[in-house]
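Encoded as structure tokens, the structure appears first; notes follow it.
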Amino acid sequence: MAAPTIRQILERLEQRLESIDGLRVTAYVADQVNPPQAVIGVPPIPSYHRTMGRGLIQLNPTVTVLVSAALDRAGQLMLADYANPTGTKSIVQAIESDKTLGGIVDDCMVVDFTPLGLEQAGLVGYYGGVFTLQVHAQGA
């Protein structure tokens, strides 16, 4: 198997998250937020040759989820549904139900979730949270 590109990994993550009914998903930072929305971030590469090494690739992309803050309780409960480890809205379940992302990586798992609280994009408020993932794949 050839080493996957970062683009391929982000696109497969996007496909996994699109299985959550009602969640809008982009593998890029969109100009406009339309909640509930998940944005898959390009992972940092702190040590390029170690991260993208010849034998093993290890990346930590993020998934940022934004939900409406129009109704405090409803927005926070919706964010809790996305953070739940199981269920129809679960980010964890959507990603980890195919830990190989269609066979392009060896393993993909959700490492943690950090709630952001009330965020603002433009003049609109959102509740948000960031999932950090860990992806392992064979290098070149």
Is it true that Thr62 is in contact with an Asp or Glu (Cβ under 8 Å, 6 or more places away or on another chain) and not aromatic (Phe, Trp, Tyr)?
-> no
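Tally the residues that are assigned to a helix (DSSP H, G or I) and open to solvent by 20 Å² or more (accessible area, probe 1.4 Å), restricting the search to region 1-27. Give the steps one after another, and end with the answer.
Within region 1-27, the subset assigned to a helix (DSSP H, G or I) is 6-17.
With open to solvent by 20 Å² or more (accessible area, probe 1.4 Å) added as a condition, the list becomes 6-8, 11-12, 14-16.
Count: 8.
Looking at Ala30, is it buried (at least 18 other Cβ atoms within 10 Å of the Cβ) and either among the acidic types (Asp, Glu) or farther than 27 Å from Gly55 by Cβ (or both)?
Working: buried (at least 18 other Cβ atoms within 10 Å of the Cβ): no; either among the acidic types (Asp, Glu) or farther than 27 Å from Gly55 by Cβ (or both): yes.
The answer is no for Ala30.
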Scan of region 80-98 for residues that are of a type in the set (Gly, Ala, Ser), assigned to a loop (DSSP other than H, G, I, E, B) and on the phi < 0 side of the Ramachandran plot, ordered by number | Ser90, Ser97
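Kindly indicate the residue of region 109-125 that is modelled with pLDDT under 65 and of a type in the set (A, V, I, L, M, F, W, C) and also most open to solvent (accessible area, probe 1.4 Å) among those meeting that condition.
So the first thing to find is which residues in region 109-125 are modelled with pLDDT under 65, and the list is 120-123.
Filter again for of a type in the set (A, V, I, L, M, F, W, C), leaving 121, 123.
Values: Ala121: 39, Leu123: 167 Å².
That would be Leu123.
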Scan (1) under 26 Å from His136 (Cα atoms); (2) among the hydroxyl-bearing types (Ser, Thr, Tyr); (3) modelled with pLDDT under 95 for the single condition Ser68 breaks and write down its number.
-> (1)
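Checking the condition among the aliphatic types (A, V, I, L, M) and either in contact with a Lys or Arg (Cβ under 8 Å, 6 or more places away or on another chain) or not in a helix (DSSP H, G or I) (or both), which residue from Leu101, Leu77 passes?
Values: Leu77 fails: either in contact with a Lys or Arg (Cβ under 8 Å, 6 or more places away or on another chain) or not in a helix (DSSP H, G or I) (or both).
None of the others qualify; the one that does is Leu101.
Only one of Ala3, Ala83 is farther than 19 Å from His136 by Cβ and either in contact with a Gly (Cβ under 8 Å, 6 or more places away or on another chain) or not small (Gly, Ala, Ser) (or both). Can you tell me which? Even if it seems obvious, please write down each step before you answer.
Values: Ala3 fails: farther than 19 Å from His136 by Cβ.
Sole residue among the options that is farther than 19 Å from His136 by Cβ and either in contact with a Gly (Cβ under 8 Å, 6 or more places away or on another chain) or not small (Gly, Ala, Ser) (or both): Ala83.
Residues of region 1-39 being among the small types (Gly, Ala, Ser) and within 12 Å of Pro61 (Cβ to Cβ), which ones? Show your work before the answer.
Within region 1-39, the first condition is being among the small types (Gly, Ala, Ser), and the residues that meet it are 2-3, 19, 22, 27, 30, 38.
Matches in region 1-39: Ala27, Ala38.
The values are calculated or read from the model by the stated rules, or taken from the named source; none is laboratory data. Computed from a predicted model, the values in this text were never measured in an experiment. Because the Cβ atoms are built from the backbone with ideal geometry, glycine has one as well, and the counts that use them run over all protein chains shown. Note: areas computed on protein heavy atoms with side chains; ligands, DNA, RNA excluded. Shrake-Rupley method; radii C 1.70, N 1.55, O 1.52, S 1.80 Å.
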